[in-house]
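Below is one structure; the comments refer to it alone.
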């Protein structure tokens, strides 16, 4: 959901601002994390012990964006947008937020006096953030190997780069003075 305002400038140019929130349910497997593991194996060695995979989940985002566009004709607007985005993420049991920048481009077409349809591409690049997770694992295999693991994992490069294509419908409350 978003709320914004557009200013019609001279020469068919449009300048706008908008604030929005997005509920999301994006799950991304992690890769390239470092770990500091303390192994205790019986019998030794711990050959063949694999690595674990975790998931980073996005739960919601909020953005403050500006846009500049050009009215191609009475019904079509092409525009570019850029601004700030804050995203709420979950990694294992830790909730954290990431700041990011968003930029993109779109096309908007009026289909009735106060309604329009828009399609846009966005790229949001969030900052990197270290996340620490502690866990204990015990496992036994059929060959008599017993592994007890205590780990402090630092996922040094948790960041998100989000590419999205959005389709939306907009309602304009004062169509004659703003677009």
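Read-outs throughout are calculated quantities, based only on the coordinates presented, and are distinct from any laboratory measurement. None of the values given here were measured: they were computed from a predicted structure.
Some points to look at:
- The alpha carbon centroids of the range 2-19 and the range 72-117 are separated by 14 Å.
- The range 56-96: antiparallel DSSP beta bridges as a percent of all, rounded to 5: 100
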